[in-house]
1. Taking the beta-carbon count within 10 Å as an exposure proxy, list B:341, B:298 from fewest neighbours to most.
2. Other chains near A:333-344: what is the mean number of their Cβ atoms within 10 Å of each residue's Cβ?
3. Please compute, for peptide A:250-257, the average count of beta-carbon atoms on other protein chains lying within 10 Å of each residue's beta-carbon.
4. When you count, for each residue, the other Cβ atoms within 10 Å and take the mean per peptide, how do A:300-310, A:185-195, B:354-364 rank with the highest first?
5. Say each of residue B:305 and residue A:65 gets a label point 7 Å from the Cα, pointing the same way as Cα to Cβ; how far apart are those two points in nm?
6. Could you tell me how many cubic angstrom of Cα convex hull volume the protein assembly as shown has per residue?
7. If packing is taken as the mean number of other Cβ atoms within 10 Å per residue, what is the order of A:28-40, A:375-387, highest first?
8. Rounded to two decimals, what is Rg over Rh for segment A:70-156 when you use alpha-carbon atoms and the Kirkwood radius?
């Protein structure tokens, strides 16, 4: 495989001292120039989360690894089949050990691969030990530590009606144990966070003298603030000290980002989107909010404002009513119905078909953006995960996972992989390791090594 | 899920909640010697909804037991109030910040739940820049001196001392003044004195001493001994409890004089703060969180069924409940019983027309006497019962569950896995009670639904859109009800009967006092708080369960006046 690296001459240094690939986007927009410069697209990692499990018999493709027929639920992915990998049969072994219940463990361990902390969040069903939040850093954040350092945003956490009720059921992404990164559920807020300082097409390119001065002032202020956290934290008890240190770290990262001169220029691929306005919490706006979030995310990736993102649809226990599909009850509620309730099985199938349509929409948008010899999708690893395998039995096998994009050629796509039940090498944690490797982060294990034997065989 | 208990969690602890939690049909018998009636139940590791008896040895209440206290980050409401009082800013910048995690009773100021995220840090930074830019547009009112006369360095330093002391709620340490002067100097050198002042404000508004309430002032007499709070710390505890904002000039002066070390000075300040309109805003915010009034705003109804329900109704409902609670607590009876039995509410012309009652003739809200056989007190609030309902029908289970959880501080678990959860289909002939009949026949459901449905079904006279109805499907409504497993067991009739039960229950009073404990101290109660809780309950009872007296009593406890010198997570 060809080693991709941006040559030194395409790097500039921002005021904060971090390197920014100024003309990267422009170079990448032109395949010939990209080849001449030996430049290639950066790797990206995106997690797409949907909740409450699936209906496996309607989800699993049939056929062999390379000659397979997509299932009813996955049919919307047909246009992208050469760029996806359907992974059937993995187990989230962390779905079982206490504390927490099956939903809580499912969502809290999906990306952290670490047991939940003990705490005060109680399950309805008897016999479950109350839990706190997740017990470790999530894969997306671990990856962002490596590949998120040079972009405006280290990572982007987007949500669609995730509720953010404040316990483990709300979050997929964690900066560290007990430090969840809540999803931004309002596209308008996402827009203002990500795009407001992006120049519109043809707008002013370079900071003038006043802006340069403002950056220096900002740096003075933040340096002083960082010092004040450093001075206070050691005087506090361990719990408060950890909070203040986390706060200080976040300011440091903010400083790096803010004091980097915004250099992103508009190209054919990267165009400043329109500011959206929508009531993000209204149940029936769910599809439109989701689409807006996907549009914003695609553009944030295309403009290289971030390389790591999560898009979390609903939360564990979510009761969004899929009224546009004819559902009269909430998603989680329906997911509890027995297999003999054919109307509910049909509705859950429809909900998962709908999610596959959203996933396909997202892939299509990524694939429409050319970068060098490939597309934006090619540079990504997109992971579609779920907290459960099946809702009514709360199982963590067989997890319905789908990958898309090859991580710049690191993954062989267009495949349907099946794994035998229960074998330690079929732990979902192994998949996490493989995805991490695919986007260029080395390692043989992730999370609690007890549940990991290395990269996933055959991927 | 966060609102439930299960038998397993409580293990061997003696509690009727075990019985309550048995939802799978195999109803556990109460432990020997235990009555099925409620009462304070055990708190396991600071669980929010329970409290009282402990599994460890009883504490000696002649000693001081402050309980744990953490550095508390300002929540959104406190941030907005604080920048209003510090800078005169009324733009509510924190409304854009991420929502706080809620405690089990819905409260938004639990120190353990106030975590920090990069998005929040970014928003603090943006808010600081914007607030500082606005502030320096009025330099004359900001500065204690004129830089042209006093000299920029002298004036800058005196600004830092004065502004810093207000913002940090205590005098600055030498290193803090020094750091802020370097910031001002950098701004002055690169641009102007005004830029330097602006940058100092930006730095202060992002500092831990501003964003967190940290208590480190006084030293313990002996290692591990409880510490009496310093005067400045007490000033902040008082102002952030009664006003959810920074201390005012009078509190700061009292703190500077060191007078807040004395109990009578604290009591005098508590009385003064309680009499200020800002205390009303604080109780309003408590009610907002405790009763989940934010849900009013997103209320949607099926207008095929509830044709009178228009998009403007939710806001009117919210105003009604706000005015009712504010009046009850501050201008009315103010005791727990009246919360449930008050024979009045507040409406304007539009809302009265919606309810179909005689009311004011303008858009202004005014007191309206209720027909007490139809509506009374908090349960008579149309908005509350409309929120606790489906879009197309009432919600007896939601209503019963809410009463159990918020008023009795009891926990009801969700149905077991595999059970079909579906409100029975609407019927042109059957009553809601008949449609929900399965719950009382099926032993799988009966365990829990027997606790919720008989409460919820007694409220059937208020329909899913919050309006009174005498009939359902042309038939008179059976509003008989029963509350099992409480300290007021037995049958009753309709909303007035339930209001009576709630009004006469000691458990309900204890429950409300627990919610206030959590709100006042920003944390759940622990085993260490038994003396504080006993004192609160006793003071509350002696006052005839008047809320205003409870608020004062909350400032007289060990939990309020002391801190532990062994912080959470251990010493650094």
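1. Working: B:341 21, B:298 12.
So the ranking, lowest neighbour count to highest, is B:298, B:341.
2. Details: counts 6, 3, 2, 9, 5, 4, 1, 0, 2, 0, 0, 2.
Mean shielding by partner chains, rounded to a whole number: 3.
3. Numbers: counts 9, 7, 1, 3, 6, 1, 0, 2.
Mean shielding by partner chains, rounded to a whole number: 4.
4. Numbers: A:300-310: 24.8, A:185-195: 20.1, B:354-364: 14.6.
My ranking of the peptides, most packed first, is A:300-310, A:185-195, B:354-364.
5. Taking the two extended label points, one gets 5.4 nm.
6. Values: hull volume 180.7 nm³, N = 1031.
About 175 Å³ per residue, rounded to a whole number.
7. Ranked by mean Cβ neighbours within 10 Å, highest first: A:375-387, A:28-40.
8. On the way: Rg = 17.2 Å, Rh = 15.5 Å.
Radius of gyration over Kirkwood radius for segment A:70-156 works out to 1.11.
Every read-out reported here was derived from the displayed coordinates using simple, explicitly stated rules and does not represent laboratory data. In this text, all values refer to a predicted model and were calculated from it rather than measured experimentally. Note that each Cβ is placed from the backbone with ideal geometry, even for glycine, and that neighbours are counted across all protein chains shown.
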